[in-house]
Amino acid sequence: MTTTFMGYPRPDGSAGARNWVLILPVQRNMNLLAASIAKLVEGTKVMLSPGEGGRTTVDRRTIARTMVGLGQNPNVGAILLVAIKPKFGYKELSENYFLDELNKTGKPVRTLVLSELGGYYNALGEGVRLARELALEASRVHRQPCPIAKLTIGVKCGMSDPTSGIVGNPVVGRMFDLLIAGGGTALFSETTEIIGAEHLLVKRAATPEVAAALLEAVRITENKAKSTGEDIRNINPIPSNIAAGLTTLEEKSLGAIAKSGTTPIRGVLAYGERPAGQGLYFMDAWMSSLSLPLCFAAAGAQIVLYQMGGGDLPDPCPPMPAATSGIISPLMYITGNRHTFAKAGDSMDFDSSRALGGGFTVREIGDEFLGHIIDVASGTRTRMETLRHEDPVELYFEGPSL
């Protein structure tokens with residue numbers, strides 16, 4: 001099996017599956033300027049700020065970690081920061097903080113400061129000039145063979161049904177085992193969907209500290225639900241899960257954790273936090289469809305997987321959530337449900353249902369899937385990458401707006 005992909009080498013030793021210029025507004029009131037620049041310059045992506053005003057310190061740090069993490073992602077070849085004025089606003093969401101952290105990557109970083117350019121229209125012209133220069137500079141970096149040890153892949157599952165736990169998630173788990181055996185890194189998440197199966201994950205914790213962190217993440221999530229007067233088991237499984245054949249949260253969780261494979265869990269990460277080393281990591285985060293792809297990209301994932309069940313989807317199926325603003329990592333939809341693959345062919349990139357009565361094993365399909373991952377990492381587009389539509393992104397905020 002191929003153990004290399006064609007990636008873009010980065011100064012910090014990482015390798016990108018894509019080669020974007022990322023435009024980052026440091027404050028929310030720079031969103032219009034940053035988005036206008038991105039619309040005019042080919043090869044750019046923009047991450048719009050969700051807004052820092054009234055946020056708690058924890059949530060402001062989440063914004064900063066996510067924004068900076070996207071710039072650090074190997075899929076980004078250069079960064080343009082857009083700020084209102086020097087030393088403006090909260091310290092963790094300042095031009096200086098972003099600049100200090102992103103300069104550590106060794107990638108080209110430029111700053112555009114509105115107050116120094118005489119207003120919006122002058123800043124727009126200068127921003128287009130800078131972004132074009134960065135796009136040209138990034139284009140001089142060419143793909144070259146890179147070991148799969150430089151790949152980080154994140155996975156979320158959604159619209160779960162019985163095929164998710166029997167085939168779809170186990171195929172991803174097999175691929176993760178192969179990736180990690182090759183020195184790569186894998187991220188899985190959705191704290192609400194390990195509840196009831198956490199005792200199995202704890203057995204795979206690499207250290208007692210990791211085991212304790214897993215249990216603490218579950219405890220906090222359950223207590224949050226109880227504080228609202230709700231039982232989380234009356235909210236999850238969601239109606240579509242139940243209509244497709246799942247009955248309890250514990251049943252759903254047993255299928256969901258199959259996507260993590262079988263290797264030791266090296267750590268528990270905060271939302272958007274980068275792993276300290278290679279191997280398998282759990283990210284303590286929300287189940288939202290478009291929150292996890294964003295935080296996986298911020299944590300360094302060059303490719304993000306969305307493993308679909310979809311047993312309750314209509315025929316024909318509407319398009320899945322599209323590639324979104326700021327998510328600089330390809331979003332790949334896969335399924336172990338042959339009916340979902342048939343109904344949503346315009347959205348699906350890989351069909352693992354052949355391991356369910358099709359004469360193939362989970363191991364065989366998982367091996368094949370790694371080859372597909374390498375193909376996408378080397379430049380083949382996912383179906384969502386062929387759409388210009390951008391669904392809104394959602395960050396996971398823990399505190400109230402004050």
Q.
I need to check one value: relative contact order of the range 122-273, counting alpha carbon pairs closer than 8 Å and at least 6 residues apart, in percent.
A. 35 percent
Q: List the relative contact order of the chain as a percent without decimals, with contacts defined as Cα pairs under 8 Å and 6+ residues apart.
A: 22 percent
Q: State whether the range 129-175 is rounded, prolate or oblate according to the following rule on the C-alpha gyration tensor (a ≥ b ≥ c being the square roots of its eigenvalues): a/c under 1.5 gives rounded; otherwise a/b larger than b/c gives prolate, and the remaining case gives oblate.
A: oblate
Q | For the range 20-140, size of Cβ-based charge dipole, Lys and Arg +1, Asp and Glu -1, in debye | A | 160 debye
Q.
Quick check on my link table: of LYS156/LYS252; LYS107/LYS156; LYS45/LYS107; LYS156/LYS259; LYS252/LYS343, which ones sit more than 20 Å apart, alpha carbon to alpha carbon?
A. LYS107/LYS156; LYS252/LYS343
Q. Can you give the Rg to Rh ratio for the range 20-140, taking only C-alpha atoms and Rh from Kirkwood?
A. 0.94
Q: Could you tell me which of LEU33, SER353, PRO319 has its Cα farthest along the dipole of the chain towards the positive end, charges placed at Cβ (Lys, Arg +1; Asp, Glu -1), taken about the Cα centre?
A: LEU33
Q: Treating the angle as unsigned and between 0 and 90°, give the value, to the nearest 10°, between the Cα long axis of helix 169-181 and the longest Cα principal axis of the chain.
A: 60 degrees
Q | Relative exposure of CYS295, CYS157, CYS146, judged by other C-beta atoms within 10 Å (fewest first) | A | CYS146, CYS157, CYS295
Q | Dimensions (Å) - the range 281-396, Cα atoms, principal axes, largest first | A | 41, 31, 29
Q. Which value in Å does the Kirkwood hydrodynamic radius of the range 147-386 take, with 1/r averaged over all unlike C-alpha pairs and then inverted?
A. 17.6 Å
Q.
Output the 0 to 90 degree angle, nearest 10, between the alpha-carbon long axis of helix 362-377 and the longest principal axis computed from the alpha carbons of the chain.
A. 10 degrees
**Q.** the chain - mean residue ellipticity at 222 nm from DSSP helices (-39,500 (n - 2.57) per run, n ≥ 4, rounded to 500)
**A.** -10500 deg cm²/dmol
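Every number here is computed from the coordinates shown, using simple stated rules; none is lab data. In this text, all values refer to a predicted model and were calculated from it rather than measured experimentally. Note: ideal-geometry Cβ built from the backbone for every residue, glycine included; neighbour counts use all protein chains shown.
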